[in-house]
1. Per-residue HN-Hα couplings for region 195-204, Karplus 6.51 cos²θ - 1.76 cosθ + 1.60 at θ = phi - 60°, whole Hz, x for Gly and Pro?
2. Mind checking which of Tyr251, Trp184, Tyr230 is farthest towards the positive end of region 165-283's charge dipole, using Cβ charges of +1 (Lys, Arg) and -1 (Asp, Glu) about the Cα centre?
3. Compute the orientation-averaged projected area for region 77-152 from the convex hull of its Cα atoms and round it to one decimal in nm².
4. At what distance in nm do the modelled label points of Ser221 and Gln138 sit from each other, each positioned 7 Å from its Cα along Cα→Cβ?
5. Under a 5 Å amide H to amide H cut-off, with H placed in plane at 1.01 Å, what residues pair with Gly130 once short-range neighbours are removed?
6. Cα centroid distance between region 178-206 and region 245-284, in Å?
7. Going by how many other Cβ atoms sit within 10 Å of their own, how do Tyr244, Tyr153 line up, fewest first?
8. Could you put Trp214, Trp79 in order, starting from the residue whose Cβ has the fewest other Cβ atoms within 10 Å?
Amino acid sequence: MRIPGRPAVLLASVAALAVLVPLGGCTVQPADAGGGRGLPVRVQVPGSRTPAPAGHAPAPAPAPARTAPGAAQPPRVLWARGDSGAGVRELQARLRQVDWLADGPTGSYDDLTEQAVRGFQGRRGLPPTGATDTVTWQRLVAMTRPPGTWELYRMGGQPAAAPDPRCLTGRVLCVSKTSRTLRWMIDGRTLSVLAVRFGSQYSPTREGVFRIYWKSRHHVSTLYDSPMPYAMFFSGGQAVHYSYDFAARGYAGGSHGCVNVRDETAIARIFAQARVGDKVVVSW
């Protein structure tokens, strides 16, 4: 229908505006069904606080967004404080490679390991939880190389080698230079396994079959003036004994020919059980 005195262009513009308004994201409030003819049309932008016209209930607030079923989940935790095992040992060895851990590896996820992981995460913009998740582990692996046997067991704890056949009878301190371990065995049964270290190139630990000929609980070396607690002498001045230096520095040091033990509790228990005359086998 044509309105007298109004150009057709104006009607076309109004029609275009009516089409464009919904496309702009706004909503047009409908006219009152009770014959509210002549009420102004209100355009309300979603989220605005413009009050609704009298007699109209306010539009309900939008529902909070929900996480889609396929949304990304937090990375899976591989190891955390209190865990232990070969994986933790490798983690500690790799943290040593990038200078975030000074001690170990011990194979136990202790407070020092947790602090090292937290520092590594924080420096790389990862959540500093102190727990090793898959993202942290992947980042660490990309920055390091697979650790060798010495790196993994520099503080001891390596698996023991198979016992020498000469250790399978009687009461024996069975020492392996290959795995750097000592087995306390009775009649072929292993009662405990300890990490040990040996003498240096110029004072090597002798190999062969020996017997414990003297036990000295609070022994002090007369040659080197160094303590040798729980000493069990088997060849001249060479003995199996606890070493404070081994406990502190691991395989970074060495003995003057003795078989050093770093676990004081374990060697104290063996010292109480072993007898003078028991066999000592030192082999590769």
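1. Those phi angles translate into 7, 9, 9, 10, x, 7, 4, 8, 9, x Hz.
2. My answer, from the dipole projection, is Trp184.
3. Result: a mean projected hull area of 4.2 nm².
4. 5.1 nm
5. Correct list: Arg118.
6. 7 Å
7. Fewest-to-most Cβ neighbours within 10 Å comes out as Tyr244, Tyr153.
8. Trp214, Trp79
None of the figures in this text is laboratory data; all of them are computed from the coordinates on show. Remember, it's a predicted structure, so these values are computed and weren't measured experimentally. Counting neighbours? That spans all protein chains shown, and the Cβs are built from the backbone with ideal geometry, glycine included.
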